[in-house]
Amino acid sequence: MLLERDGEMSALQALADTAAERSQVLLVEGPAGIGKTRLLTAAREAANARGVHTLHARGGELEQGLAFGIIRQLFEATVQDALLEGGAAAAREVFEGPASGVGSEDASFAILHALYRLTVNVAESAPLLLVVDDLQWCDEPSLRALCYVVRRSEGLRVSVLGGTRPLEHFQHAHLIAELTRDPLATTLHPRPLSASASAALIGGDEAFGRASHDATGGNPLLLVELAKTLRTEGVAPEAGNVGVLDTLAPRAAARAVLVRIGRLSRAAAEIARATAVLGDDTALPLVAQLAGLDDAAAVAAAGELVRAEVLADQAALAFVHPLIRAVVYEDIPAHERALAHERAATLLRARSASTSAIATQLVHAPERGEAWVVDVLEEEARAASRAGAPASAATYLSRALAEPPAAERRGAVLFALGGAERLLHSHLGDGHLREAIELIDEPAVRGTAALLLAEGLVFSRRPDDAVALARRSAAELPEEADLLRAAFEAIELTAPIFGGSEPVSPERFAAHRRLPLPPGSGAKLLAAVAAYQWAFSGGSADECATLALAALNGWDLVRGGRQVPSVSATMVLVLADRREADAAWDEFLAQVHTSGSMWFKSAISLCRGYMLLRNGELAESESLLHDGIEELILGEAQGVGRGEIASWLAGVHRERGDLAAARRELEVVPEPTDASQTARYWLDSQAEQLLAEERFEDALRTAGDGVERFGAMTAIDTPFRSHQALALHHLGRRDEAVSLAADELRTARAWGAPSVVARALRVLGTVERADGLDHLEEAVACAAASPSRLEHAKALGTLGTALRAAQRPTDARDPLRQALALAEVCEAGAVAAHARTELYAAGGRPRTTALQGLDALTPSELRVAERAAAGQTNRAIAEALFVTPKTVELHLRNAYRKLGAKGRQDLAGLLTTV
Ligand SMILES: Nc1ncnc2c1ncn2[C@@H]1O[C@H](COP(=O)(O)OP(=O)(O)OP(=O)(O)O)[C@@H](O)[C@H]1O
Ligand SMILES: [Mg+2]
């Protein structure tokens, strides 16, 4: 009977009632023994009774390092071939092992997304409830998958119910917190039982009941265990026996279990220990074998344990409670425990159990230098790495190293271990990689290890060491390793950016700009690096974009795992206003969804989000930047990129007209004081923010700081001198303002991307006041030719404002009307509000409130509408464009409204005729 849980039970019943209609997340959090599992079980029954498909799993204390252990428990019984097709194919890796063909080192994002698709597929036939108990022991990749699914579950019928102990002491607490932070989530905190409920549970008279409550704090588990012990000890629950409670409860509860087991046969004690070592839910024959008993004896012994309420009454052996397992386990002396784990591993291996099961045992077994042990641990580590769980990979590999491996394999183990540690930003990684480089004979493999180490040195701000290593390693490479050689050269070229003391001559960069590129991916890699560098050192947008396109040509860079230069080259296209950037993002997305990492996905979200901000697609920019934040958290990327996101999100809010939100966003990260990329974008956003807040002195100072730290070439995407000019303009210092704005325009023209030139012209035209009309007109023409509707709207608005100031209200109306319409498409509230005010002041009225027709569609709306017109279902569109079905719906709804379509059937006609 469940006491005092009416509130919890009605919440759980409500979950079961509504699971068929909408997704929810419910967490039951509380200390050991408070009754979480009981509540979860009751909820499962309620859900099943209502036709909700429930899948169930439970975290195990020994199994926290097993990549996707929980996900496997959840889906193993339901997953069939058909469910693992299409977008879910990469999830085969989880169920069928790494042989399934996802071909990269870290496929963390691809696998996660595939698991989401699998969940969608399973939920197709009936609403789904995923129940995970003991979440505090859930492995990290499974937890990430749950977070990812929950984030996308709106509009699906997928609910999650979890049970967890208080999170403070657990490894992946931040991920569980992520789950509960979801807007769909609620958390229940079951309370200890009251004195009267405690008395009811224990039975007996009032005085004894009250004393039991005091002794146990009303914890149901302690009360239940106390009752069992009273029964076996033959103590009646009466006032006269209250003194007994001092020895039996509450800390004694643990010991009481051992006392209970002590009264049973020797065989029963052996079975209890073997079960504790193998973990809950192990089949009896294996437990029997480990306990050294035949099956008949084991069955009898297990029966004794069930009657003593130590083991649960079920076919596979399991303790009635994880705390009891822990008591029995910890009662085994440590060295015996280690040997038992070793025997367990050997038995599992003889039964051809899964690598995961064997590895779980081996981690706790003594070291003996066995080759097979190293094999198993290495294989499990590989699975963890590909799932994006470098921490568990490092655990397995450290254990493999301690085994130790045979001399000829040591290098490979160290390489893998150092690689995992590098991802964890652990300094141990450097030492391990260094030793690996000494040991590995195969030159290409040694080179790869050296590259990993060198890249780590660059990022940990030891660029000179990185350059020395890069030179040495490049010299040893075989002829054909051109990509590696190029990567080493790229380290030398970029070291100064990270504080390297040796300057790189301009000729060295120039050498990689020559077109056509020599054959091979190495030349493309260096072209990508050179294009990015050139963009900030006097190249023109056309030249740089041509070079970047050559670097991206054929996509062999990204397919070869060179994501950083691929993203850099694409950023060059963005800065050059080239629409080819979209093709690159699409290619990267396809790649990351089939075999890519969480890190790569976050880089794509960030950079594409930035592009959309520049172009004025604010809603979509915001949504991508938010994806980026989530991916940074899930990818444990140590906050790299958060500063950029804050700067850009602040931009989105500002353009929308929400200065307060923009200010809050900028303050999410501490002000960066270095000369990093992050600092550059942050200062830029901060300067614009200060201008918008009319804090002109501060804006002037901040923008000046930007120029000082980053020089003038940053005009192409962080126009500090334009900010300075505007600040000076408002401070009444016209001449200085004009001179700075004119300088900025020269740099912008040398670059030549239309949106960049338009912006510089707009600022110059503004600060020139009455003399600026020509520049403003040119700004409008320039912006019209750029992909940025936002810059176009701003140019028109500024021109209209200037015309009105010049006493030409009639001429002002048309640009203002256009500015308003464009700003509304962008949802750029700030520009729209300004244009509207000016328009009324100029005696005009908005013609219609919104732009209509094809022009009004954002590129994403257009893409979705085109696919819908061609007859694709929302779900197919969502899968093809890698967005959620909800996003597709949203785009379609907007497209219908803007095109005046009543439904899908009208789309085709409207898209071609408009
Ligand atoms: N409200 C209740 N009324 C009566 N018995 C209860 C109640 N809640 C829990 N129990 C009993 O107390 C014991 C412990 O409950 P349960 O296993 O659900 O705890 P838990 O919170 O899951 O603990 P853990 O964190 O260790 O997993 C069980 O035997 C259960 O049947
Ligand atoms: Mg429990």
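The values are calculated or read from the model by the stated rules, or taken from the named source; none is laboratory data. Small disclaimer: the values here were computed from a predicted structure and weren't measured. Neighbour counts are summed over all protein chains in view; Cβ atoms, including those assigned to glycine, are modelled from backbone coordinates with ideal geometry. Protein only, heavy atoms only, side chains kept; ligands, DNA and RNA dropped before computing areas. Shrake-Rupley method; radii C 1.70, N 1.55, O 1.52, S 1.80 Å.
Key figures for this structure:
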{"item": "Cα pair distances in segment 1-153, grouped into 10 Å bins until the bin that holds the longest one, percent each", "result": "10, 39, 34, 13, 3, 0"}
{"item": "For the chain, radius of gyration divided by Kirkwood radius, i.e. Rg to Rh on alpha-carbons", "result": "1.04"}
{"item": "Segment residue 735-residue 408, length gained on full extension (0.36 nm per residue, minus Cα span)", "result": "110.5 nm"}
{"item": "5 angstrom amide H check on residue 56, placed H, neighbours 5+ away", "result": "131"}
{"item": "Extension gain (nm, one decimal) between residue 713 and residue 587, 0.36 nm per residue minus Cα-Cα", "result": "42.4 nm"}
{"item": "Anchor residue 228: lysines whose Cα lies under 21 Å away (excluding residues fewer than 8 positions away in-chain)", "result": "36"}
{"item": "Separation of alpha-carbon centers, segment 172-202 and segment 472-547, rounded to whole Å", "result": "56"}
{"item": "FRET efficiency, 1/(1 + (r/R0)^6) with R0 56 Å, evaluated for residue 660 and residue 191 via beta carbons", "result": "0.90"}
{"item": "Crossing angle, helix 521-535 versus the chain [Cα axis fit, 0-90 degrees, rounded to tens]", "result": "60"}
{"item": "Added length on full extension, which subtracts the Cα-Cα distance from 0.36 nm per residue, residue 845 to residue 673", "result": "57.2 nm"}
{"item": "Sequence-separation-based contact order of segment 61-212, relative, with Cα cut under 8 Å and 6+ spacing, percent", "result": "21"}
{"item": "Gyration tensor verdict on segment 685-811 (Cα atoms; rounded if a/c is under 1.5, prolate if a/b is larger than b/c, oblate otherwise)", "result": "oblate"}
{"item": "C-alpha long axis of helix 266-278 to longest principal axis of the chain, angle in °", "result": "10"}
{"item": "Ellipsoid semi-axes in whole angstrom, largest first, where each is sqrt(5λ) of the Cα gyration tensor of segment 195-250", "result": "14, 12, 10"}
{"item": "Folded to 0 to 90 degrees: helix 407-423 orientation relative to the chain principal axis, Cα", "result": "60"}
{"item": "Calculated from backbone phi, Karplus (6.51, -1.76, 1.60) coupling profile of segment 647-652 in Hz, x at Gly/Pro", "result": "4, 6, 4, 4, x, 4"}
{"item": "Rounded percent of accessible protein surface that carbon and sulfur make up, segment 856-913, 1.4 Å probe", "result": "56"}
{"item": "For segment 856-913, projected area of the alpha-carbon convex hull averaged over all directions, nm²", "result": "3.4"}
{"item": "Carbon/sulfur fraction of accessible area - segment 345-462, other protein chains in place, 1.4 Å, %", "result": "55"}
{"item": "With every protein chain in place, segment 195-250: carbon and sulfur % of accessible area (1.4 Å)", "result": "57"}
{"item": "Value of relative contact order over segment 856-913, rounded to a whole percent, pairs C-alpha under 8 Å and six or more apart", "result": "41"}
{"item": "Relative contact order (%) - the chain, alpha-carbon pairs under 8 angstrom, separation at least six", "result": "7"}
{"item": "Using a Förster distance of 60 Å, the FRET efficiency for residue 266-residue 6 (Cβ separation, nearest 0.05)", "result": "0.85"}
{"item": "5 angstrom amide H check on residue 768, placed H, neighbours 5+ away", "result": "none"}
{"item": "Cβ-based net charge around residue 527, under 10 Å, with every Lys or Arg adding one and every Asp or Glu removing one", "result": "+3"}
{"item": "Probe 1.4 Å, protein heavy atoms only - accessible area per residue of the chain in square angstrom", "result": "41"}
